[in-house]
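Asks: The structure under discussion is supplied below as structure tokens; questions concerning it will follow.
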Amino acid sequence: MYAQLVYFDGPRSTELLAAADFAATHRIEPAVASVAGSIRTYVLRRPDGSEVVLTLAETEQDLLAGRDAIMGTSLLPGEDPDLLPGPDRVEIYPVHEVFEHGATS
């Protein structure tokens, strides 16, 4: 299993966040959904708009395929590239250990 951390440093304005949310819902999520493999994404956002996007996948290749799918998209009508500056940094790690806590049903 592999994890990718994508960092968007804050503060980010409500206008930037709205543009990022629109892109995620209408362009990025559909692109990643087209990738074979099991991918799960968690978006962590602070009140100042800073954000870490944590993506987990079975293989590093799945993460890279997701990245390639996103980078292969074109902006949708109405998307302003000035409001989508991209991440401040991206890191990929192999998952060393997984701990499950609490009851499972």
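The values are calculated or read from the model by the stated rules, or taken from the named source; none is laboratory data. Treat the numbers as computed from the prediction; the structure is a model and nothing was measured. Note that we place each Cβ from the backbone using ideal geometry, even for glycine, and neighbour counts take in every protein chain shown.
Asks: Can you confirm whether Y93 is surrounded by 11 or more Cβ atoms within 10 Å (Cβ to Cβ), aromatic (F, W, Y) and touching a strand residue (DSSP E or B) at 6+ places or on another chain (Cβ under 9 Å)?
Replies: yes
Asks: What's the number of the condition E79 fails, among (1) loosely packed, with under 13 Cβ neighbours inside 10 Å; (2) in a loop (DSSP other than H, G, I, E, B)?
Replies: E79 satisfies all of (1) loosely packed, with under 13 Cβ neighbours inside 10 Å; (2) in a loop (DSSP other than H, G, I, E, B) except (1).
Asks: Check the range 30-39 and report whether any residue there is loosely packed, with under 15 Cβ neighbours inside 10 Å, touching a strand residue (DSSP E or B) at 6+ places or on another chain (Cβ under 8 Å), on the phi > 0 side of the Ramachandran plot and at pLDDT below 95. Give the derivation first.
Replies: Taking the range 30-39 first, the residues loosely packed, with under 15 Cβ neighbours inside 10 Å are 30, 33-34, 36-38.
So of that shortlist, the ones also touching a strand residue (DSSP E or B) at 6+ places or on another chain (Cβ under 8 Å) come out as 37-38.
Pick out the ones that are also on the phi > 0 side of the Ramachandran plot and you get 37.
Imposing the further condition that a residue be at pLDDT below 95 reduces the set to 37.
Yes, the conditions are met somewhere in the range 30-39.
Asks: Sticking with this one: R67 - would you say it is of a type in the set (K, R), within 17 Å of G86 (Cβ to Cβ) and either modelled with pLDDT under 95 or surrounded by fewer than 12 Cβ atoms within 10 Å (Cβ to Cβ) (or both)? Outline the logic, then answer.
Replies: Values: of a type in the set (K, R): yes; within 17 Å of G86 (Cβ to Cβ): yes; either modelled with pLDDT under 95 or surrounded by fewer than 12 Cβ atoms within 10 Å (Cβ to Cβ) (or both): yes.
Criteria met by R67.
Asks: Does any residue of the range 65-74 turn out to be closer than 28 Å to E97 by Cβ, part of a loop (DSSP other than H, G, I, E, B) and not aromatic (F, W, Y)?
Replies: Scanning the range 65-74, I find no residue that is closer than 28 Å to E97 by Cβ, part of a loop (DSSP other than H, G, I, E, B) and not aromatic (F, W, Y), so the answer is no.
Asks: Can you tell me which residue within the range 1-22, out of those that are farther than 21 Å from E91 by Cα and of a type in the set (G, A, S), is surrounded by the most Cβ atoms within 10 Å (Cβ to Cβ)?
Replies: A19
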